[in-house]
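Throughout, read-outs are computed from the coordinates displayed, never taken from laboratory work. Everything numeric in this text was worked out from a predicted model, so none of it was measured. Counting neighbours? That spans all protein chains shown, and the Cβs are built from the backbone with ideal geometry, glycine included.
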Amino acid sequence: MKIVTYNINGLRPRISQFGSLRKLLDSLDADIICFQETKISKPELRADLVRAEGYESFFSCNRNFDKSRAGYSGVATFCRVKSAFSTDEVALPVAAEEGITGLLESYSNRVMGSQKDECSSAFEGLEEEFSREELLKVDNEGRCVITDHSHFVLFNVYGPRADCDDTERIQFKLTFFKILQRRWECLLHQGRRIFVVGDLNIAPTATDRCDAGPDFEKNEFRTWFRSLLVENGGQFVDVFRAKHPGRREAYTCWPTNTGAEEFNFGARIDHILSAGSCLHKESGQEGHNFISCHVKECEILIQFKRWKPGNTPRWKGGRSIKLEGSDHVPVCMSLEEIPNVLKHSSPSLSTRYCPQVYGYQQTLVSMLMKTRSAEKVKNSEESSSFSEADDCSEGSASQPSCSVTLGLGSNLAKAGSQMETRKKARQSQLSLKSFFQNSSSYSETSQRTSNEIKLSQTDVSTSFCYSKGSPAHVEENCNPKDGVSDVSASSQVDNEFDGCQPSTKEKSNVALLEWQRIQQLMQNSIPLCKGHNEPCVARVVKKAGPNLGRRFYVCARAEGPASNPEANCGYFKWAVSNSKCKG
């Protein structure tokens, strides 16, 4: 079987890139697919985003209601199966759980071993060390889905990111990994095998980072990661490094704002870790371990990189080309000799049981029925509104004339109501029935609408001219037989009003010349980088601090090794501010 982990940097854009969720999943060709950073909240779960034929899915979404973190993080595990019920497939989990603290699931739904009492006491120990609010805060960001596949327990993890000067997020990251490690130890104590896959946001060694400095490996999170490994006395194996111990420049993530993919200037922060014995009866003998017995291969799927050979370099116009894809690439592990398990069905965490998805699919018919009834109401309103318009514009025997009131305030309100009526009429034409109307009826409707628009323009323009010195309210009677003279009078007023205003073409020409002048000034003020003597690019400081919002210039080329003359030369210059301090 095949397991893939992939930080997709938003599920919706990846679905749009591949055309559908099913095509995205099929492109990875794996039995278990673990996504991180889905950026979907619980209310946004819909069938087209979470359900695909032939796959069972399990989501953990961000539960924070803070607007600044809306649509933040999120993980999802997709399992390719032939059936979701009474199947012996290993890919379909026998149990699934959201979060790592055990507070988001009932006791019966937790992923545990046979010694449930010991696991329960471990959770009680967590509540003694951390408050309930702290534990819920860890799980509310949607950073882990645990699936039990009988032979192994799979942790799909999206590790927190923390800047070196952000003490609050550093503490959150420490708490998250401490609780996660406690959960691993609980399962390993029961003899369970564990896979940990995902974006942990940790590059463990200097080999795993392009620009690692001399103190790189002293970071507390990197030290913690290495302490988990077998070579340092831990119980986990870094599967990729076990299969490729000497491979360098094997990265899985690249900064998006510097074009670092072009020179493969990135980091390896997406991992697959394994702990536990092999499935053979001779597992206790020397030479028998899970990696050597069951892991066939582990590779980084670089074909999913956004930057492709042949793309235009950034300094030759490539900056304007939008690159599709995530800033990460998938990591794949192939397993062999994994036997089937006892027959079971999809656990309750599956999205097939999710109320939003289930309810959405059940109400499709009712939604269509509501749409049809709404169209009938719109059509009836449309016919009545058109009949009223005909009575007003053409006149009748009972009403030989109509009174038109011209005034600054009243006419603006009247014109606004007429425009609102016409908007509703246009929207009603979007119904299914309107597409089958005869062209003649459509042209008649268009002619009436254009006449109404012209009359309303006459009202507004006339009121504008009267407001300069004439009485603000004038009444004028018009009979149907005098319609020709009224139209000529209105056109005359329109011409007088247009004559005192600059034309649209003149305005656009003035705006274009002004914009060209501004662009030329900006171009002349852009400095040239020292390394390549090329125009720099302007950026703005977005990090909170004394320089927030301040503009600066950097070399336009893609970030890369300092030894590469084609890469970014590192030029930096603050933009000169013209503002002066006022005493």
Problem - Long pairs among LYS39/LYS173; LYS82/LYS137; LYS281/LYS343; LYS2/LYS322; LYS42/LYS543; LYS308/LYS542, criterion Cα-Cα beyond 27 Å - result: LYS82/LYS137; LYS2/LYS322; LYS42/LYS543; LYS308/LYS542
Practice task
Under 11 Å from the Cβ of PHE35, count the other residues' Cβ atoms, weight Lys and Arg +1, Asp and Glu -1, and hand me the total.
Solution key: 0
Handout entry: Peptides ranked, highest mean first, by Cβ atoms within 10 Å: ranges 130-136, 151-157
Key = 151-157, 130-136
Exercise for the section: Quick one: net charge around ILE194, please, counting Lys, Arg +1 and Asp, Glu -1 for every other residue with C-beta under 14 Å from its C-beta. Expected result: 0
Problem - More than 17 Å apart - percent of Cα-Cα pairs taken over the range 156-248 - result: 56
Exercise for the section: List, largest first, the extents of the alpha carbons of the range 1-101 along their principal axes, each in whole Å. Expected result: 43, 34, 22
Handout entry: Order by protection proxy (mean Cβ within 10 Å, highest first), peptides 296-308, 50-62, 162-174, 78-90
Key = 50-62, 78-90, 296-308, 162-174
